[in-house]
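The values are calculated or read from the model by the stated rules, or taken from the named source; none is laboratory data. Just so it is clear, the model here is predicted, and its values are computed rather than measured. Positions of Cβ are backbone-derived with ideal geometry, glycine not excepted, and every protein chain shown enters the neighbour counts. For the accessible areas, the whole protein counts, side chains as well, though only heavy atoms, and no ligand, DNA or RNA atoms are used. Shrake-Rupley method; radii C 1.70, N 1.55, O 1.52, S 1.80 Å.
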Amino acid sequence: MSASAPPAPLAIGAIADADVEGVVALWQRCGLTRPWNDPHADIALARRRDNSTILLGRDHGAIVASVMVGHDGHRGWVYYVAVDPGCQKRGYGRVIMAAAEDWLREQGILKLQLLVRRENAQANAFYGSLGFELSASVMFQKWLDGRATTPSN
């Protein structure tokens, strides 16, 4: 796809019960899952709150993109932004991120933030191309279940 080509049309909709296993498989194919984050639990948590959802992009019925989007009443956040490896470079990442931004605007949220691992040059370049800027903020973290934080968490 050239830089000036319009993104491919995707059918965008919220995740349904029947989609859960397909979404987990998509996240695994994209390398987004981590041993310390159960994707099934993350999906269940996002689905039971009014301030979050998981949006899916479908191409001819097949799930090819996803984004978990939510907000804390002030800032929006996205997680699990995924495009099936066999469907990349078609504009689907831009489409699913635009859907997340639209969802947040509908919720009255005007600022979107996300976390990207420093070493993920491809993701950093993608978000930069969408107009995201590197924040001057420093992120701190703490596990509330008592486990030790490791550099890879």
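Key figures
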quantity: Test: residue in the stretch 37-56 that is of a type in the set (V, I, T) and touching a residue at least 40 places away in the same chain (Cβ under 8 Å); calculated: yes
quantity: So G13, is it farther than 16 Å from G93 by Cβ, open to solvent by less than 60 Å² (accessible area, probe 1.4 Å), modelled with pLDDT of 95 or more and in a strand (DSSP E or B); calculated: yes
quantity: Within the stretch 66-111, tally of residues that are in contact (Cβ under 8 Å) with a residue 12 or more places away in the chain and of a type in the set (S, T, N, Q); calculated: 2
quantity: Subset tally (residues that are closer than 18 Å to I63 by Cα and assigned to a helix (DSSP H, G or I)) for the stretch 29-41; calculated: 3
quantity: Residues that are surrounded by 10 or more Cβ atoms within 10 Å (Cβ to Cβ), part of a loop (DSSP other than H, G, I, E, B) and not aromatic (F, W, Y), drawn from the stretch 116-146; calculated: V116, N120, L130, S135
quantity: Matching residues in the stretch 101-115 - criterion: being open to solvent by 60 Å² or more (accessible area, probe 1.4 Å) and among the polar types (S, T, N, Q); calculated: Q107
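Rundown of residues vs (1) touching a helix residue (DSSP H, G or I) at 6+ places or on another chain (Cβ under 8 Å); (2) farther than 15 Å from D19 by Cα; (3) aromatic (F, W, Y), yes/no style:
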position	(1), (2), (3)
I43	yes, no, no
D59	yes, no, no
G70	yes, yes, no
H74	no, yes, no
